[in-house]
Amino acid sequence: MAFEKEKFWEDVKAAETIGIAGHIRPDGDCVGSTLGLYCYIRDNFGKEPEVFLEEVPKAFEFIEGADRVVTGYPNREPMDLFIALDCGDEGRLGKAMEYAKSAKKAYCIDHHATSSGFMENNLVIPDSAATAQILYTLFEDDKIGKGAAEALYLGIVHDTGVFKHSCTTRETMEIAGALLDHGVSSSRIIDGTFYEKTYLQNQILGRCLMESILCLDGKVIFSSIDRKIINLYGLGPADTEGIIDQLRVTKGVEVAILIRELTPRSWRVSMRSCEIVDVSKICAMFGGGGHVRAAGATMSGSRRDVINNLTTEIEKQLEAWKKDRAED
Ligand code: AMP
Ligand code: MN
Ligand code: MN
């Protein structure tokens, strides 16, 4: 069903019970958009939606409403309204999918290129830098409080890599500017949640860079973190955030790959590209998805299998690109 803004707010107004959830292994946009919507509804409709997330990474705990997030996906009576944010398919929503299935009304608001339109009502804008950016366009500016503004700003900062990824547009900057007018402390959010690293994060970053390997004539860089290392350092998902971005900015590199072993022979894949390769297409081929320049998937096999499968697809895209250029 097509998304209608007025209808969405009517449904919010009419609902007695509202659930909001984001994707598994939540990132800045996931936490920022869920808590941004939570704060906005709380402040303007006088009701308390429940926010369901797998966890709230430590660095985001100061965002308003973070202390009210429900983890562990407990059983709930069917809700009047359920809203999935920053999440494009059933698998990524995890156990929160049960709430979506039983809810009287269900919405998805998302910006992933591979978003499948899996809810009753879907608002998917792949050109939008962040789900938090889409939410801003649904909100009335003068009804945004400081809590909601900080949450949305967090989402935009993280999904744009602090306004540097190619998804950053004039609209992104204008929305971020408008959010600053609501009292957001940009340095607290940018330094405190994006650049600041724990000693452990820096150690593992150093290790990944040192052990990284270049292939396809220096066009691809990859690094891997296996179970032995994860156990040795006691690494959680947040501890490896940002490593892929440092790999990507290696001179001459078009695609960066970081793989983390989740369980024996099952790998969490992160991919980033610079200008040519559509990594969302490659990740979608292996059951994942994402954006043209940033995507992920979970793949099984040996480290070598996973890297070979990915580089084969990258090579195909690079060859096709070269051929196109030669013909022009
Ligand atoms: P990551 O490398 O985990 O930071 O993910 C990069 C981007 O791709 C993020 O926007 C994720 O939300 C998205 N993404 C990662 N994994 C998947 C997946 N399995 N399906 C769809 N989108 C994904
Ligand atoms: Mn996300
Ligand atoms: Mn996002």
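The values are calculated or read from the model by the stated rules, or taken from the named source; none is laboratory data. Keep in mind the model is a prediction, meaning the values are calculated, not measured. As a convention, Cβ positions derive from the backbone with ideal geometry for all residues, glycine included, and neighbour counts pool all protein chains shown. Areas reflect the complete protein model, heavy atoms only, side chains present, ligands, DNA and RNA absent. Shrake-Rupley method; radii C 1.70, N 1.55, O 1.52, S 1.80 Å.
Looking only at the stretch 93-116, residues that are open to solvent by less than 40 Å² (accessible area, probe 1.4 Å) and not aromatic (F, W, Y) come to 13 in all. State the number of residues belonging to the stretch 288-314 that are away from ligand 2 (no atom under 16 Å from the Cβ) and among the hydrophobic types (A, V, I, L, M, F, W, C). Total satisfying the criteria: 5.
Within the stretch 282-328, the set of residues being of a type in the set (D, E, K, R), in contact (Cβ under 8 Å) with a residue 12 or more places away in the chain and either open to solvent by less than 40 Å² (accessible area, probe 1.4 Å) or farther than 18 Å from S224 by Cα (or both) comprises R293, E313, E315. When the stretch 271-296 is filtered for residues that are touching a strand residue (DSSP E or B) at 6+ places or on another chain (Cβ under 7 Å), away from ligand 3 (no atom under 16 Å from the Cβ), under 18 Å from L247 (Cα atoms) and not β-branched (V, I, T), only S273 remains. When the criteria are applied in full, L209 fails the requirement of being in a loop (DSSP other than H, G, I, E, B) and either in contact with a helix residue (DSSP H, G or I) (Cβ under 8 Å, 6 or more places away or on another chain) or basic (K, R) (or both).
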